[in-house]
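Working notes for the structure below.
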Amino acid sequence: MKSMRTRTIGAYAALCYAACAASAADAPRGLSDVYATLSGKRFVDLTHTFGPTTPHWKGFGEEKVVELYTIKKDGFLVQQFTHVGQWGTHIDAPAHFHEGLRTIDKIPTREMLLPLVVIDVHDQVARNPDYTLKVEDISNWESRHGRIPEHAFVAMRTDWSKRWPNDAAMQNKDAKGTAHYPGWSKEVLKILYEDRKITASGHETTDTDPGLATTKDDYSLESYILGLNHYQIEMLANLDQVPEAGALVIVTWPRADGGTGFPARVIAIVP
Ligand SMILES: [Zn+2]
C-alpha cells in the first residue's frame, strides 16, 4: 500500500515536472521575439533636422542657438536653444487650440506607437497645389488595404516636404500673397477620427488647413482635430520612403510641463 502510494506520488511528480517543463518552453520570452523581428526591419526617420532658419508659421520668429559652455574653454559643450514649441517637425497638443484639453505631458505613451497609414496624394498635389483630401482618397486606400485600423496614425503624403528647408517654397505664395499648399478636408477628418477611430494624423506642410484657408487665418481643420482631444504632427518628412500600409510609427516628444507643442521625433518601422 505504502509503496503503491509512493509510486503514485512519484508518477504525479513526473507528470507535473513534464507539464511544468512544457509550459516553461511555451512561456513567452518577454518581447525578445518582437524585438528580433523589429530590429531586422528598415527604420525611416520622418523628422526634419531643424535650425534657426527652419520653415515655420508666419507669426513666429527664428530659433536662437547660443553656446553657453564650450569644450575649448570649459571642457564641455552646452547649447541653449530658444524657439517656440511648434518648431520643426512638431506635435500640436489639443491644448494648443482649446483650453482644458490635453497638453503634451498628458498624452499617454501608448499613443506613441501606432499603425502607420499613408494616404498618398502626391500626384494630385503635383497637378494642383491647392489639393485637399477627398473621401475617395480614403476609399481607394481601403479598397487596396482594407479598413483603416483603429488607433492608426494617418499621414497625408504630398511630397511637400521636398521643398524643405526653403520657406518660400513651402508657403508657395502667388503675387497677391495667397499661399498655395495642400491640406486636409473636414469630410475626410470626420471619417478618420469619428468613424475609423484613428489616434492621430500628420502632414508635410506647415498647416492642417490648405494655404487658401490659412491665408485668411482660417485654421478650422486644425481646431477640429485638436478639439476632439487628439494630437497631430506637422512638417513630416520622407513619407515617400514608407509604404501606404503595414508600417508602424513611433511618435515621440519631450514631456514639457503644460506644453502645447514641441519638436517631435517620428520614426517609421517598415515591414
Ligand atoms: Zn503646429
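Read the figures in this text as sums done on the coordinates, not as results from a lab. These figures come from a predicted structure and were not determined experimentally. Here the Cβ is made from the backbone with ideal geometry for all residues, glycine too, and neighbour counts use every protein chain on show.
So how much slack lies between residue 241 and residue 106, counting 0.36 nm per residue of separation and subtracting their Cα-Cα distance, in nm? Can you show the working numbers first?
Values: separation 135, 0.36 × 135 = 48.60 nm, distance 3.09 nm.
Gain on extension, residue 241 to residue 106, equals 45.5 nm.
Mean separation of Cα pairs under 8 Å and 6+ residues apart, divided by the residue count of segment 130-191: what relative contact order is that in percent?
On the way: 39 pairs, mean separation 32.4, N = 62.
Relative contact order, segment 130-191: 52 percent.
Viscosity 1.567 mPa s, temperature 4 °C: give me the Stokes-Einstein translational D for segment 55-114 in µm²/s, with Rh taken as the Kirkwood radius over C-alpha pairs.
Details: Rh = 14.5 Å.
Once the numbers are plugged in, D ends up at 89 µm²/s.
Per the Kirkwood treatment, what hydrodynamic radius in Å, one decimal, follows for the chain from the mean inverse distance over all distinct Cα pairs? Write out the running numbers ahead of the final one.
Values: mean 1/r = 0.0475 Å⁻¹.
For the chain, the Kirkwood estimate is 21.1 Å.
When a footprinting reagent is the concern and you count Cβ atoms within 10 Å, what order do 49, 205 take, fewest first? If you can, show how the numbers build up before the last one.
Values: 49 11, 205 27.
Listing 49, 205 from fewest to most nearby Cβ atoms yields 49, 205.
Viscosity 1.306 mPa s, temperature 10 °C: Stokes-Einstein D of segment 95-145 from its Kirkwood Cα radius, in µm² per second? Mind showing how you got there, number by number?
Working: Rh = 14.2 Å.
It comes out at roughly 112 µm²/s.
Expressed as an acute angle from 0 to 90° and rounded to the nearest 10, what is the orientation of the C-alpha long axis of helix 135-145 relative to the principal long axis of the chain?
The two axes meet at around 30 degrees.
Given a cut-off of 16 Å, what percent of all Cα-Cα pairs of segment 137-184 lie beyond it? Can you show the working numbers first?
On the way: 636 of 1128 pairs.
The calculated P(r) of segment 137-184 puts 56 percent of pairs beyond 16 Å.
Note down the relative contact order for the chain as a percent, whole number, built from C-alpha pairs under 8 angstrom at least six residues apart.
Values: 518 pairs, mean separation 77.5, N = 271.
The normalised contact order for the chain reaches 29 percent.
Using the beta-carbon distance between residue 135 and residue 62 and R0 = 45 Å, what value does 1/(1 + (r/R0)^6) give for FRET efficiency, to the nearest 0.05? Display every interim value, and only then the final one.
Values: r = 39 Å, r/R0 = 0.87.
With a Förster radius of 45 Å, E is 0.70.
Taking the Cα centroid of segment 219-264 and of segment 64-133, what is the distance between the two, rounded to the nearest whole Å?
Using only Cα atoms to place each centre, the spacing works out to 7 Å.
With no solvent and one point on each alpha carbon, what is the Debye value of log10 I(q)/I(0) for segment 143-271 at q = 0.13, 0.15, 0.18 Å⁻¹?
With one equal scatterer per Cα and no solvent, log10 I(q)/I(0) is -0.58, -0.77, -1.10.
Give the order of 122, 203, 151, 48 when sorted by the count of other beta carbons within 10 angstrom, beginning with the fewest.
Values: 122 17, 203 26, 151 14, 48 21.
Least to most surrounded, the residues fall as 151, 122, 48, 203.
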